[in-house]
Amino acid sequence: MPDRPRFPVAVALASGFTSLVIAFIIGGLREIGEPARKALIVDLAESHVRARTIGLYYLVHSLAITPAATIGGLLWNLSPQTPFVTAGIIGVAGTIIFAATVEERYAA
């Protein structure tokens, strides 16, 4: 989770091709935890509703990200950096909320 806020900010701060490549490498680092997160979702689901749980997860995930392109486009109209800075702020806020509310035994 902590890598998420860095990616949009890194893109917004990129000043050339090399720094943009570095920003996308930073963005790719967040995918390292993706298999573990999906495995945790599957592991926590009861076996008789596992398929439904995974389907519900992807439905909620898709519904949550569907408006992102439109919102990003509207923010882009303000300035090209605005959607990236906004995403970075939301990521930092999410990380802080996670750290403040999740018990350590559930965070690992």
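Points worth noting:
- Sequence ranges 87-95, 32-40, ranked by mean other-Cβ count within 10 angstrom, highest first: 87-95, 32-40
- Take 77-86, 41-50 and order them by the average number of nearby Cβ atoms within 10 Å per residue, most first; the result is 77-86, 41-50.
- Protection proxy ranking for 12-19, 98-105, using the average of other Cβ atoms within 10 Å per residue and placing the highest first: 12-19, 98-105.
- Membrane-span-like helices in the chain, defined purely by DSSP H runs whose alpha carbon atoms cover 24 Å or more axially and whose average Kyte-Doolittle hydropathy reaches -0.5, are 82-101.
- Cα→Cβ-extended label distance, 7 Å offset, between Leu63 and Ile32, nm: 3.3 nm
No value in this document is a laboratory result; all are computed from the given coordinates. Just so you know, these numbers come straight off a predicted model, no measurement behind them. Cβ sites come from the backbone with ideal geometry, for glycine too, and all protein chains shown count toward neighbours.
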